[in-house]
Amino acid sequence: MGSTARLKVQVGAADFDAGEEIRLVQALTDSIGGVASFIGAMRSSNDGRRVDAMSLEHYPGMTEKALGRIVDEAANRWQLLGATVIHRVGEFVPGDQIVLVVTAASHRGEAFAACEFIMDYLKTRAPFWKKERTSEGDFWVEARDSDEQAADRW
């Protein structure tokens, strides 16, 4: 990343204000020509069954380092001027925000590609453990084949 670049990786229980996080990235430099963002939220169903709640666990320290490596890799592939990744952990209900990825570059193509790359890698390479609570019981969730295929294309 360039000298004016800012990398932010945050893992915790607190919710985030996506608009504020995007504004912070946009304010980094007037060289930014494109900002891409993605918000991941908890959905109310998975594999055909209703999901009432979900818990996300992580290993503090290890998770932040893994996320940092993913963002560093994106910054090495694309000329990012800024990037923010916020991933929440704890207990969630449908509709709750879970993850935010914001990338900024001189051109939109780099911002879009880096944002998608980071999200694909978060789904398959970040050390999070997800358990869904349903009326049929609790289920640990593993990465989907489609997530692996999305990450493999990079």
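Using 0.36 nm per residue and subtracting the Cα-Cα separation, the extra length available between residue 52 and residue 73 on full extension is 4.0 nm. With contacts taken as Cα pairs under 8 Å at a separation of at least 6 residues, the stretch 100-141 carries a relative contact order of 23 percent.
Note on the stretch 93-154: dipole from Cβ charges, positive end direction compared against 100, 122, 151; the farthest Cα belongs to 100.
For the residues 90, 48, 33, a GNM of the chain with alpha-carbon springs under 10 Å puts the largest fluctuation on 48. Based on Cα contacts under 8 Å between residues 6+ apart, the stretch 24-154 shows a relative contact order of 35 percent. Roughly what angle does helix 62-77 make with the longest principal axis of the chain, taking Cα atoms, 0 to 90 degrees, to the nearest 10? With rounding to tens, the tilt is 40 degrees.
Summed over the residues of the stretch 1-74 and divided among them, the accessible surface reaches 55 Å² per residue at a probe radius of 1.4 Å. Could you calculate the FRET efficiency of residue 45 with residue 153 from 1/(1 + (r/R0)^6), where r is the beta carbon distance between them and R0 is 30 Å, rounded to 0.05? In this case the efficiency is close to 0.70. Within the listed set 140, 78, 129, the residue fluctuating most in the Gaussian network model of the chain (springs between alpha-carbon atoms under 10 angstrom) is 140. Amide H contacts of residue 6 (H built 1.01 Å from N, in plane; Pro and chain starts excluded): 82, 83 sit under 5 Å, all sequence-distant by 5 or more or on other chains.
For the chain, the share of accessible area belonging to carbon and sulfur comes to 46 percent (1.4 Å probe, ligands and nucleic acids excluded). Remark: the stretch 49-97 carries a charge dipole of roughly 160 debye about the Cα centre, counting +1 on each Lys and Arg Cβ and -1 on each Asp and Glu Cβ. Taking amide H as placed 1.01 Å from N in the peptide plane, residue 134 has its amide H under 5 Å from the amide H of 52, 139, each at least 5 places away in sequence or on another chain. Here residue 131 is the anchor, and the lysines within straight C-alpha reach of less than 18 Å, apart from those fewer than 8 places off in the same chain, are 123. Between the stretch 108-151 and the stretch 20-89, the C-alpha centres lie 11 angstrom from each other.
Less than 5 angstrom separates the built amide H of residue 46 from those of 51, all sequence-distant by 5 or more or on a different chain.
Subtracting the Cα-Cα distance of residue 23 and residue 124 from 0.36 nm times their residue separation leaves 33.5 nm of extension gain.
When the trypsin sites (Lys or Arg not before Pro) in the stretch 106-154 are filtered for DSSP coil states and for at most 10 other beta-carbon atoms within 10 Å of their beta-carbon, the remaining sites are 153. Axis angle, to the nearest 10 degrees, between helix 108-125 and the longest C-alpha principal axis of the chain: 30 degrees. Considering helices alone, the calculated mean residue ellipticity of the chain at 222 nm is -10500 deg cm²/dmol, with DSSP H runs of length four and up weighted by -39500 (n - 2.57) and normalised per residue. Placing unit charges on the Cβ atoms only, positive for Lys and Arg and negative for Asp and Glu, gives the chain a dipole magnitude near 240 debye about its Cα centre.
The values are calculated or read from the model by the stated rules, or taken from the named source; none is laboratory data. Source: prediction; values computed, not measured. Reconstructed Cβ throughout: ideal geometry from the backbone, glycine too, with neighbour counts over all protein chains shown. For accessibility, only protein heavy atoms count, side chains too; no ligands or nucleic acids. Shrake-Rupley method; radii C 1.70, N 1.55, O 1.52, S 1.80 Å.
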